[in-house]
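These notes are about the structure you will find just below.
The values are calculated or read from the model by the stated rules, or taken from the named source; none is laboratory data. Here the structure is a predicted model, which is why all the values come from computation and not from measurement. Don't worry about glycine lacking a Cβ; one is built from the backbone with ideal geometry, like all the others, and counts go over all protein chains shown. We work out accessible area using only protein heavy atoms, side chains counted, and drop any ligands, DNA or RNA first. Shrake-Rupley method; radii C 1.70, N 1.55, O 1.52, S 1.80 Å.
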Amino acid sequence: MFSDRPNFDTHRFSPLKITLPMLRQIGVEGIVTALHEVPNGEIWTVEAINDLKSYIESYGLRWSVVESLPVCEAIKYAGTEREQLIENYKVSLANLGKCGVKTVCYNFMPVIDWIRTDLQYPWPDGTSSLYYDRIRFAYFDIKILEREGAEKDYTEEELHKVAELDKVITETEKDDLIDTIIVKTQGFVNGNIKEGDKNPVAIFKRLLGLYKDIDRDALRENMCYFLSAIMPVCDEYGINMCVHPDDPPFQVLGLPRIVTNEEDIAWFLNAVDNPHNGLTFCAGSLSAGAHNDTRELAKKFAGRTHFVHLRSTEAMPGGNFIESSHLSGRGHLIDLIRIFEKENPGLPMRVDHGRMMLGDEDKGYNAGYSFHGRMLALAQVEGMMAVVDDEKQHKIEF
């Protein structure tokens, strides 16, 4: 089955809120984390890596996956400092390899990481999930960000709904959209904007401007350049690089997104055809796009998958989607577990984006990374894994 099962992502919360002993008690074996105190682009030293690794191991756990060693914007848009930043990245990778930490998740999304418009969308049972509302996002894009040419990215019907929303939306709701889209979902993932930054919209618009002349082909070329440069280090130390799919898996804000579907994944794997160049299979990100079938993608790319995020989404009318239960939705997690166990057993896995429940909303957890919600998800996934394990033992085929 999946190695280190299950893993837990620790960079989403303060150790004062969720501790390593707590994780041991709920069955966690491996930790997914990073040196978040190191500014993006600076070198991760052997000493700092070993300090964190030893701390994790002192609780009987292992540091299974780095998520993430951030790729700086200047690497993505090929800025003047790209060469030095890539050299620093290579040194950090080598140091991770020397310390025995050899799976590195990263993303190549320009400016903005994952996008939601509501961080606590209510379910009838009293829990809440992350939610993406296309019209509210369009409102942010057109009316708040005032991005040049934004209207061209939306249909006449969507533009009409934005105009109607403009008549009733409050200033508080506008501030909440800004906070949700470009602050709270970004600041705790080595993002470009942090809570407390003055005028985040102005900062965000400046960042968008860096990509004015970067289209999909240019971003692909820059990703290929980056991967080609680091593969010799990955070869030397046995490090598996695994890119996270774009979330959501479609174009936004006039920015190119290049890890959105089967064609995109095949392109970057073939462009740098090295077994250490692989995929983080995030079932939640991929399932948020109606064009993606997670089961077919898993069958096709299992061999080049190095890390798995097990979560699921439910598509809704109008291009909206919500984080669903790990037992339902378009992620089809039990089928994915069957596929990966058959095609590439031993992969590190973690659950992701749990619901807010049982008072989690008052504990200060980062969006999508509550304790009780992810503990429930962990139990659901462990149950699915037990079923698949039993099927294997009894040679039951599906």
Quick shape check on segment 200-324: root eigenvalues a ≥ b ≥ c of the Cα gyration tensor, a/c under 1.5 is rounded, otherwise prolate if a/b tops b/c, else oblate, and it reads oblate
How long are the three semi-axes of the equivalent ellipsoid for segment 53-119, computed from the Cα gyration tensor as the root of 5 times each eigenvalue, in whole Å, largest first?
26, 20, 7
Might you tell me the accessible area per residue for segment 165-219, computed with a 1.4 Å probe and given in Å²?
56 Å²
Quick calc, the chain, dipole around Cα centre from Cβ unit charges on Lys, Arg (+) and Asp, Glu (-), nearest 20 debye, gives 680 debye
Mind checking the log10 I(q)/I(0) for segment 344-398 at q = 0.20, 0.27 Å⁻¹? Debye, one equal scatterer per Cα, no solvent, two decimals.
-0.75, -1.02
Please give the length that would be gained between residue 270 and residue 295 if that part of the chain were fully extended, namely 0.36 nm times their separation in residues minus their C-alpha to C-alpha distance (nm, one decimal).
6.9 nm
Kirkwood hydrodynamic radius (C-alpha pairs) into Stokes-Einstein, segment 32-149, 25 °C and 0.890 mPa s, D in µm²/s
142 µm²/s
Built amide H within the under 5 Å cut-off of residue 118, gap 5+:
131, 133
Report the antiparallel proportion of the DSSP beta bridges in the chain as a percent, rounded to a multiple of 5.
30 percent
Rounded to the nearest 0.05, FRET efficiency between residue 143 and residue 387 (Cβ-Cβ, R0 56 Å) equals 0.70
On the accessible surface of segment 74-175, probed at 1.4 Å with all protein chains in place, carbon and sulfur together account for a percent value of 46 percent
Between residue 313 and residues 5 or more places away or on another chain, the pairs with built amide H atoms under 5 Å apart involve 324, 330, 331
Mean shadow of the chain, computed from the convex hull of its alpha carbons, in nm²?
19.3 nm²
Quote the convex hull volume per residue of segment 93-236, based on C-alpha atoms, as a whole number of Å³.
175 Å³
Largest fluctuation, 385, 316, 231 only, Gaussian network model of the chain with Cα springs under 10 angstrom, belongs to 316
Please report the base-10 log of the normalised intensity I(q)/I(0) for segment 146-211, using a Debye sum with one equal scatterer per alpha carbon and no solvent, at each q in 0.12, 0.14, 0.15 (1/Å).
-0.40, -0.54, -0.61
Rg(Cα)/(2.2 N^0.38 Å) for segment 289-363, N = residue count:
1.23
Between residue 343 and residue 171, how high is the FRET efficiency from 1/(1 + (r/R0)^6) when r is the Cβ-Cβ distance and R₀ = 51 Å? Nearest 0.05.
0.50
Once you mark the GluC sites (Glu not before Pro) that are in a DSSP loop and have at most 16 other Cβ atoms within 10 Å, what is the longest gap between them in the chain?
196-396
Do any of 17/198; 53/342; 184/205; 143/174 go past 20 Å between their Cα atoms, and which?
17/198; 53/342
Output row, site residue 43, 7 Å Cα→C-beta label point, backbone N cut-off 20 Å, window segment 210-245, residues 229-239
